[in-house]
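Peer 1: Encoded as structure tokens, here's the structure I'll be asking about.
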Amino acid sequence: MAGFPHRMSKGAILVSGGAGYIGSHTVRMLAEEAGYQVVVLDNLVFGHRDALVSEGVTFVEADISDEVAVEEIFSTYDIDGVVHFAAFCFVGESVTDPLKYYANNTAAPMTLLKAMRNHGCDKFILSSTCATYGDPQKIPMTESHPQQPINPYGHSKLMLERILKDCDGAYGLRSVRLRYFNASGCSLDGLIGEDHEPETHLIPNVLRAVKGEIGSVSVFGNDYPTADGTCIRDYVHVVDLARAHVSALNYLESGGESFSCNLGTGKGASVKEVIDAAEAVTGKSVPLEFGERREGDPPELIADPSLAKQLLGWEAEITDIKKIIETAWCWMNGAQGGKYRD
Ligand code: UDP
């Protein structure tokens, strides 16, 4: 349990969407390093049962909107806090089917909040996103940046942030809303990783192209106003993200007040730099083509992560893009025989 303080309460932590990408890494850290009893609620629409690798983790296969299942969890286990990941995250799909996003990302978590209220559980950690800011007006972005999302995905998360603020004011239900920048990488031992279907993210697609699983990776625009013409993003390692959730829980357990904060490294890498780093890590060239800009992609997104450091004592440790890609490559090649597909 190195690195984390002694548990202050004995209850269990409910992790919704705990079989997904960031969820599964957080479950592992909560269970294996921080000594929590963990109950995972996941409908396995995008999650993977095999991503739950820690002993002693309870798994409930159900949807977060299933009031009966949620109530049963709260009546069976002494749930002391909720870490909420379960959400849809495809920006393009949110534009073509906004109701799907508002139903799942905004309305469905009400079930969790109602159960928390009924059972006196007052700690909630939200997986939120820099997409709640919309187009950047100033880089790096601080938490006081205006929140004007440019797609329903960002709106669906921003509304949940708003609901959480109101729940604090009305019921004393405290929350930490964590706004991730670009989640990336895989567990350091290669046991669990990033397995989206469809996969839209840059790093896994670059590595899939190297492996020949897809013909090539398309670079979405090379005429942006950046040094090399490609978009710059703040890639933050999934293990660092997982640690932030544990720190946020510890913070609320110590009586901390609700707040929202960015999770990023504070530095950016361009698409071209990611590709160069992938070539250095894999020793192979990345088959690529230059395509059109993807709609809604701002040239640059970089976090100012200083609030997370100030309030949670958190800062990203794995900040070298090559190291991040190395962990993803290790998992994709099943270094531990751990790669799952279902
Ligand atoms: N990108 C790209 N080709 C891809 C996927 C992504 O050029 O196949 C670019 C995308 O335009 C963005 C960056 O890579 O500038 C990161 O995109 P990703 O989808 O990984 O994360 P996002 O920033 O959309 O959350």
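Every number in this text was worked out from the coordinates using simple rules, so none of it is lab data. Not measured: the values here are computed from a predicted model. Every residue, glycine as well, gets a Cβ built from its backbone with ideal geometry; the counts of neighbours run over all protein chains shown.
Peer 1: Over the chain, what per residue volume does the convex hull of the Cα atoms give, in whole Å³?
Peer 2: Numbers: hull volume 42.6 nm³, N = 342.
Convex hull volume per residue, Cα atoms: 125 Å³.
Peer 1: Okay, moving on. Only Cα pairs under 8 Å and at least 6 apart count here; give the relative contact order of the stretch 200-288 as a rounded whole percent.
Peer 2: Over the stretch 200-288, the number comes to 41 percent.
Peer 1: May I ask what percent, to the nearest 5, of DSSP beta bridges between residues of the chain are antiparallel?
Peer 2: 5 percent
Peer 1: Placing +1 at every Lys and Arg Cβ and -1 at every Asp and Glu Cβ, with all other atoms neutral, what dipole size does the stretch 78-213 have around its Cα centre, in debye to the nearest 20?
Peer 2: 440 debye
Peer 1: Sticking with this structure for a sec: Rounding to the nearest 20 debye, state how big the charge dipole of the chain is about its Cα centre with +1 on each Lys and Arg Cβ and -1 on each Asp and Glu Cβ.
Peer 2: 440 debye
Peer 1: With each pseudo-label sitting 7 Å past Cα toward Cβ, what's the residue 144-residue 96 distance in nm, one decimal?
Peer 2: Once both label points are built, they end up 4.1 nm from each other.
Peer 1: Hey, another quick one. Could you state the number of Å between the C-alpha centres of the stretch 263-286 and the stretch 62-106?
Peer 2: Measuring centre to centre over Cα atoms gives 33 Å.
Peer 1: Along the charge dipole of the stretch 1-147, Cβ charges K/R +1 and D/E -1, which of 124, 96, 74 sits furthest on the positive end?
Peer 2: After comparing all options, I get 124.
Peer 1: How do 38, 53, 281, 83 line up, fewest other C-beta atoms within 10 Å first? Working shown, then result.
Peer 2: Details: 38 25, 53 18, 281 21, 83 30.
Fewest to most other Cβ atoms nearby, the residues stand as 53, 281, 38, 83.
Peer 1: List the aspartates and glutamates whose Cα sits under 16 Å from the Cα of residue 10, skipping any in the same chain fewer than 8 residues away.
Peer 2: Of all the aspartates and glutamates, those that pass the test against residue 10 - Cα under 16 Å, at least 8 places apart if same chain - are 32, 33, 78, 80, 122, 253.
Peer 1: Would you be so kind as to identify which of 321, 333, 226 lies farthest towards the positive end of the dipole of the stretch 184-342, taking Lys and Arg as +1 and Asp and Glu as -1 on Cβ and the Cα centre as origin?
Peer 2: Positive-end residue among those listed: 333.
Peer 1: Here is a follow-up. State the percent of C-alpha pairs, over all pairs in the stretch 204-322, separated by a distance greater than 17 angstrom. Mind showing how you got there, number by number?
Peer 2: On the way: 4401 of 7021 pairs.
Every Cα pair in the stretch 204-322 considered, those over 17 Å come to 63 percent.
Peer 1: While we're on this one: What percentage of all Cα-Cα pairs in the stretch 126-186 are separated by more than 14 Å?
Peer 2: 58 percent
Peer 1: Positive end of the charge dipole of the chain (Lys, Arg +1 and Asp, Glu -1 on Cβ, about the Cα centre): tell me which of 175, 188, 235 has its Cα farthest that way.
Peer 2: 175
Peer 1: Hey, another quick one. Counting only helical runs of four or more DSSP H residues, what would the 222 nm mean residue ellipticity of the chain come to if each run contributes -39,500 (n - 2.57) and the total is spread over all its residues?
Peer 2: -10000 deg cm²/dmol
Peer 1: Right, next: If r is the Cβ-Cβ distance from residue 66 to residue 188 and R0 is 45 Å, what FRET efficiency results, to the nearest 0.05?
Peer 2: Numbers: r = 34 Å, r/R0 = 0.76.
Given R0 = 45 Å and the Cβ-Cβ separation, E is 0.85.
Peer 1: Using the count of nearby Cβ atoms within 10 Å as a rough guide to exposure, how do 235, 77, 101 rank from fewest to most?
Peer 2: 77, 101, 235
Peer 1: Work through the residues other than residue 173 whose Cβ is under 15 Å from its Cβ and net out their charges, Lys, Arg +1 and Asp, Glu -1.
Peer 2: Residues close to residue 173 contribute a combined charge of 0.
Peer 1: Quick one: go through the stretch 136-166 and flag any residue whose amide nitrogen is under 19 Å from the point 7 Å out along the Cα-to-Cβ line of residue 309.
Peer 2: Answer for the stretch 136-166: 139-145.
Peer 1: Using the number of other C-beta atoms within 10 angstrom as an exposure proxy, rank 285, 94, 306 with the fewest first.
Peer 2: 285, 306, 94
Peer 1: Please list 219-227, 267-275 highest first by mean number of surrounding beta-carbon atoms within 10 Å per residue.
Peer 2: Put in order of decreasing packing, that is 267-275, 219-227.
Peer 1: Here's something else I'd like to know. What number comes out for the charge environment of residue 26, summing +1 per Lys or Arg and -1 per Asp or Glu over other residues with Cβ under 13 Å away?
Peer 2: Summing Lys/Arg as +1 and Asp/Glu as -1 gives -2.
Peer 1: Give me the net charge of residue 268's neighbourhood, meaning all other residues with Cβ under 9 Å from the Cβ of residue 268; Lys, Arg count +1, Asp, Glu -1.
Peer 2: That works out to -1.
Peer 1: Please list the non-local residues whose amide H lies under 5 Å from the amide H of residue 129, H modeled 1.01 Å from N, same-chain partners needing a gap of 5 or more.
Peer 2: Those lying under 5 Å, H to H, from residue 129 are 180.
Peer 1: Quick one, can you get me the convex hull of the C-alpha atoms of the stretch 135-251 expressed as volume per residue in Å³?
Peer 2: Working: hull volume 19.4 nm³, N = 117.
So the per-residue hull volume is 166 Å³.
Peer 1: Here's a follow-up. Kindly provide log₁₀ I(q)/I(0) values, in the same order as q = 0.23, 0.25 Å⁻¹, from the Debye equation applied to equal alpha-carbon scatterers of the stretch 26-93.
Peer 2: -1.14, -1.28
Peer 1: Right, something else. Quote the relative contact order of the stretch 148-204 in percent (integer), defining contacts as alpha-carbon pairs under 8 Å separated by 6+ residues.
Peer 2: 16 percent
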